[in-house]
Each structure stands twice: as C-alpha cells, then as structure tokens.
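What follows draws every value from the coordinates through simple rules; no lab data is involved. Small disclaimer: the values here were computed from a predicted structure and weren't measured. Ideal geometry is used to build each Cβ from the backbone, glycine not excepted, and the neighbour counts take in all protein chains shown.
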Amino acid sequence: EAWAAFTRLSQETSSLVSWSDWGLNIALYVPLALLALCALPLRRHWARFAGSLAVVIACIGLSACIEFAQMFLSSRTPLFRDIVANALGAGIGALLAPVAGPGLAGLAALVRRSAARTYGPFPLIVLS
C-alpha cells in the first residue's frame with residue numbers, strides 16, 4: 001500500500017510551490033555530490049564522467065528513500081518535486097566537482113595531516 005502511494009507521487013500536483021523548499025533541497029545535495037566525487041579517486045576523463053553519473057544516481061536513490069520513509073511519518077509529506085530538486089542539486093554538485101575538487105582534495109589532505117600530528121593514526125582511519 002505504501003509503495004503504491006509512493007509511485008503515485010509524480011502524478012500529484014500542487015498549486016503551492018515553496019521556493020525556499022526548492023532552494024533548500026537543491027542546496028543540501030550540492031555539497032553531498034561534490035564531496036562524494038572528491039572522495040573518489042577518479043583520474044581519467046571517462047572515469048570522472050562515470051563517477052559523476054554514479055554519484056548523481058546514488059543521490060537520487062537516497063532522495064527517493066528519504067521521501068519513501070516520509071510516507072510513514074505523520075508530520076512529513078513526501079513530494080516528488082523534492083526528489084527532482086535534490087537531483088538538480090546533485091547535478092550541480094557534480095558539475096562543480098572538476099572546479100572545486102582540487103581545492104577540496106587539498107583541504108582534506110591538510111586535515112588528515114593535522115589530525116595525524118595531533119591525535120595519532122586513529123583519525124586517519126576515520127577520515128580515509
């Protein structure tokens with residue numbers, strides 16, 4: 001019954017569109033996709049493309065799972081447009097990864113080195 005209701009989400013229309021919800025849903029998935037791509041060791045051009053596609057698909061799957069879980073919470077309303085906005089945010093994050101990725105990778109390496117000097121090898125396991 002929940003699955004049938006979930007599959008009908010894309011057919012529901014609402015005249016009330018909250019632009020702040022759209023912006024927030026997009027903004028939440030930009031860093032998620034960006035950081036996920038920075039964590040992947042993608043060297044070749046085709047690997048970066050495949051990795052970007054995989055990360056965007058994974059973000060869409062995560063968003064769909066979150067919206068499905070909201071079907072069981074009386075305080076939340078699952079919306080198909082949230083999945084679309086999250087997918088858009090993931091796509092933007094994937095497009096920004098080639099530009100912001102090298103800087104983020106350098107920052108991550110700096111954090112790892114600093115943590116190793118301060119706390120020993122344990123944070124390296126957590127941050128890797």
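Some notes on this structure:
- Formal net charge of residues neighbouring TRP22 (Cβ-Cβ distance under 14 Å; K, R +1; D, E -1): -1
- Backbone HN-Hα couplings from phi across region 94-104 [Karplus 6.51/-1.76/1.60, Hz, Gly and Pro as x]: 5, 6, 7, 4, x, 7, 8, x, x, x, 5
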